[in-house]
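Working notes, structure below.
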Amino acid sequence: ETGVTQSPTHLIKTRGQQVTLRCSSQSGHNTVSWYQQALGQGPQFIFQYYREEENGRGNFPPRFSGLQFPNYSSELNVNALELDDSALYLCASSLLAGGIYEQYFGPGTRLTVT
Amino acid sequence: GIQVEQSPPDLILQEGANSTLRCNFSDSVNNLQWFHQNPWGQLINLFYIPSGTKQNGRLSATTVATERYSLLYISSSQTTDSGVYFCAVGSSARQLTFGSGTQLTVLP
């Protein structure tokens, strides 16, 4: 069984630039969720994708967008980067079925905006 | 939205000691998970426990859904148990709401 993978591991961008982060879900899972974790805080929900459609969104502006592909992998895109976007971005996959909602997390992408 | 409070925020133990971490939440949930975040940032699943009691080795967890709290027990602590422990809850299949975590330090 393959776990959740994310790429890249680390990324440094300049304010105003755009960034794309990638996530491959655990085999057998059909749902991907993205979270942002600022230093010293718990992760915060950005959005979830199910069947290639956004299936819920947290309190993040529209410059945070995503995609899910037919193989259930996903991308998180952030436009017009701000210094406060510096954080660990975590992807989680789950299987929306059977009433069990356990999420499994990838190792994260650490984004630094200068 | 759901509020999640974890206590204590910091905990320092000697190796071999036992500890209890608490998670209070403000509404009914159908998902509750405990995680250990390692120094590299990876969230390791410890328990999926929206209700009831589970045990896995030296770790066990209990969730009393009607009273809106969950407890994580760590027995015979080891230095490798150090890190941040998060409780996360959800009332749907979508988002998890995380607490602020408990920073556990186990001294040799």
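The values are calculated or read from the model by the stated rules, or taken from the named source; none is laboratory data. Values in this document were obtained by computation on a predicted structure and should not be read as measured data. Backbone-built Cβ (ideal geometry, glycine too); neighbour counts: all protein chains shown.
How many residues are closer than 30 Å to A:PHE60 by Cα, part of a loop (DSSP other than H, G, I, E, B) and either among the acidic types (Asp, Glu) or at pLDDT 95 or above (or both) when one looks only at segment B:56-95?
1
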(message) I want to confirm something. Restricting to segment A:14-44 and keeping residues that are surrounded by fewer than 20 Cβ atoms within 10 Å (Cβ to Cβ) and not in a loop (DSSP other than H, G, I, E, B), which single residue is farthest from the other protein chains (Cβ to nearest Cβ)?
(response) A:THR20
(request) State which residue is farthest from the chain's Cα centre (by Cα) when the search covers only segment B:65-84 and only residues that are touching a residue at least 40 places away in the same chain (Cβ under 8 Å) and within 21 Å of B:ASP27 (Cα to Cα). (result) B:ARG68
(request) Go through segment A:87-114 and count every residue that is more than 15 Å from A:SER25 (Cα to Cα) and surrounded by fewer than 17 Cβ atoms within 10 Å (Cβ to Cβ). (result) 6
(message) I need a count of the residues in segment A:68-114 that are more than 14 Å from A:GLN37 (Cα to Cα), assigned to a loop (DSSP other than H, G, I, E, B), within 14 Å of another protein chain (Cβ to nearest Cβ) and not small (Gly, Ala, Ser).
(response) 5
(request) From (1) part of a loop (DSSP other than H, G, I, E, B); (2) modelled with pLDDT of 95 or more; (3) not small (Gly, Ala, Ser), pick out the condition that doesn't hold for A:LEU11. (result) (1)
(request) Scan segment B:1-33 residue by residue and report those that are more than 11 Å from chain A (Cβ to nearest Cβ), crowded, with 17+ Cβ neighbours inside 10 Å and closer than 11 Å to B:TYR85 by Cβ. (result) B:LEU11, B:SER19, B:LEU21, B:CYS23
(request) Could you grab me the full set of residues in segment B:86-97 that are surrounded by fewer than 24 Cβ atoms within 10 Å (Cβ to Cβ) and either of a type in the set (D, E, K, R) or under 17 Å from A:GLN41 (Cα atoms) (or both)? (result) B:ARG94, B:THR97
(message) Step by step: first the residues of segment A:66-105, then only those that are among the hydroxyl-bearing types (Ser, Thr, Tyr) and more than 18 Å from A:THR5 (Cβ to Cβ), then the one that is modelled with the lowest pLDDT. Which residue is that?
(response) A:TYR101
